[in-house]
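Take a look at the structure set out below.
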Amino acid sequence: MRTSHFVMADTGWPGCAKSLKGVILDLCGVLYDSGEGDGVAIPGSIEAVKKLKESDLQLRFCTNETQATREKFVAKLRRLGFDISVSEVFPPAPAAIAVLKERGLRPHLLVHDGLLPEFDGVDKTNPNCVIVGDAAENFSYQNLNEAFRVLIGLEKPVLFSLGQGRYYKETDGLKLDVGVYMKALEYACDLKAEVIGKPSPTFFQSVLNDMGLQPHEVLMIGDDLLNDVGGAQHCGMKGVQVRTGKYRSSEGLCLCVSSGLLRFIPVFFSLRTHGCERLRGRPPCPPRRSSSGVESGELGGDGPRGSGRQICS
C-alpha cells in the first residue's frame, strides 16, 4: 500500500487544533496525482475530503493549477470522485485577471492552451506585461524568447507568474514547474516577478476573506514545504506538509510516519477533541528550522512498531 507522512509545521501545535475553524487543502500531490487523462486520486483522499465536509470546519481548496480553466479543473476532480464545487476552489488565473483590470494592464500570455479561455474577456492588444503559467509543452525557446522580447521592450516591464513552484509530480514522474521559467525571464530582463498564487500573502488572504476567518483560525495542508507550508506560516496560518506528491526526503525534516491523509484526519479531529494527551502519551517533537527556513515539529505518527513514539532526528 502507498504510504504518506505528514509534518506539523509551526510552534502552536497541538494546542491550536481546538481553536481552528477552517482548513485549506492543496490539490495536486495532496488529493490526486496529475497525469494522463484525469490523473489518479491519492488513496484515502476522497474519504478525507468527505470527513472534513461533514465536520464543523470550513473547507477551501487552494491550488497553483494553471493548465485548465477552473470549471474544467473542478469537473476533472469530480470525475475522480471528489465532492468539490467551483466556488470552493481558488486558482491563480481569476486572481490575475482581477489584477489586470485593476491596474489597466494588457497581458502577453505564456500559458497552457487549456487556460486561454480564462482570458477571453481580457484585452491583449499591444501588451504591456507578461503572464507566465505552467505552460508545459508551450515552454519552447520560441515562446520564451517572445515573452522576453515583450518584457525587454517595455520601459517599465511587468512580469506576473502564476505560482513559483520548482516542480510537481505526475503519475510518470516529476515535471518542471512555472518557477523555473519565471526565474529565466527574471534573469534575462533583470526584474522581479510578481507572484499570483501560493505563496503570495495576497493570494492566501483572498481565500481567508472568502472564509471570513482570521489566519490563526485556519490550517493549510500541502505537499510543498515552501509554497504551501511556508506561505501559510508567513500569513499567520498553521501548516501541515504531507509526504505525498512531490515531497522528497532530501527536504531534511524529521520524520513522522502515517498512512496517508485519511489517517491524518482522525488524528486531527482527536487533537481538536482531546488535545495531545491522546497521542501515545507524548507531546510533539521540539520545533526546528529546515534549510528552507520553515519551522517544523511533529506529532501523531507511528514510530517503530510497538515503540509508541514518533521518529525524530
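The values are calculated or read from the model by the stated rules, or taken from the named source; none is laboratory data. Note that the coordinates shown come from a computational prediction; the quantities given were computed from them, not determined experimentally. Because the Cβ atoms are built from the backbone with ideal geometry, glycine has one as well, and the counts that use them run over all protein chains shown. Only protein heavy atoms, including side chains, enter the accessible area calculation; ligands, DNA and RNA are left aside. Shrake-Rupley method; radii C 1.70, N 1.55, O 1.52, S 1.80 Å.
Annotations
- Residues (in a loop (DSSP other than H, G, I, E, B), polar (S, T, N, Q) and within 18 Å of residue 161 (Cα to Cα)) located in the stretch 193-252: 200
- Test for residue 35: is it touching a helix residue (DSSP H, G or I) at 6+ places or on another chain (Cβ under 8 Å) and among the small types (Gly, Ala, Ser): no
- In the stretch 154-176, the residues that are free of Cβ contacts under 8 Å to residues at least 60 places away in the same chain and either within 15 Å of the chain's Cα centre (by Cα) or open to solvent by 60 Å² or more (accessible area, probe 1.4 Å) (or both): 155, 156, 161, 166, 175, 176
- Residue match in the stretch 44-55 (condition: touching a residue at least 60 places away in the same chain (Cβ under 8 Å), closer than 24 Å to residue 204 by Cβ and in contact with an Asp or Glu (Cβ under 6 Å, 6 or more places away or on another chain)): no
- Residue within the stretch 188-197 that is modelled with pLDDT under 95 and of a type outside the set (Phe, Trp, Tyr) present: yes
- Scan of the stretch 148-185 for residues that are closer than 24 Å to residue 100 by Cβ and among the small types (Gly, Ala, Ser), ordered by number: 153, 161, 163, 165, 179, 184
- Filtered residue count, the stretch 177-191, keeping only those that are crowded, with 16+ Cβ neighbours inside 10 Å and β-branched (Val, Ile, Thr): 1
- Residues that are open to solvent by 10 Å² or more (accessible area, probe 1.4 Å), among the polar types (S, T, N, Q) and out of contact with any Asp or Glu (no Cβ under 8 Å at 6 or more places or on another chain) do not occur anywhere in the stretch 130-139.
- For the stretch 211-228, taking the residues that are over 17 Å from the mean Cα position of the chain (by Cα) and open to solvent by 30 Å² or more (accessible area, probe 1.4 Å), the one that is modelled with the lowest pLDDT is identified as 216.
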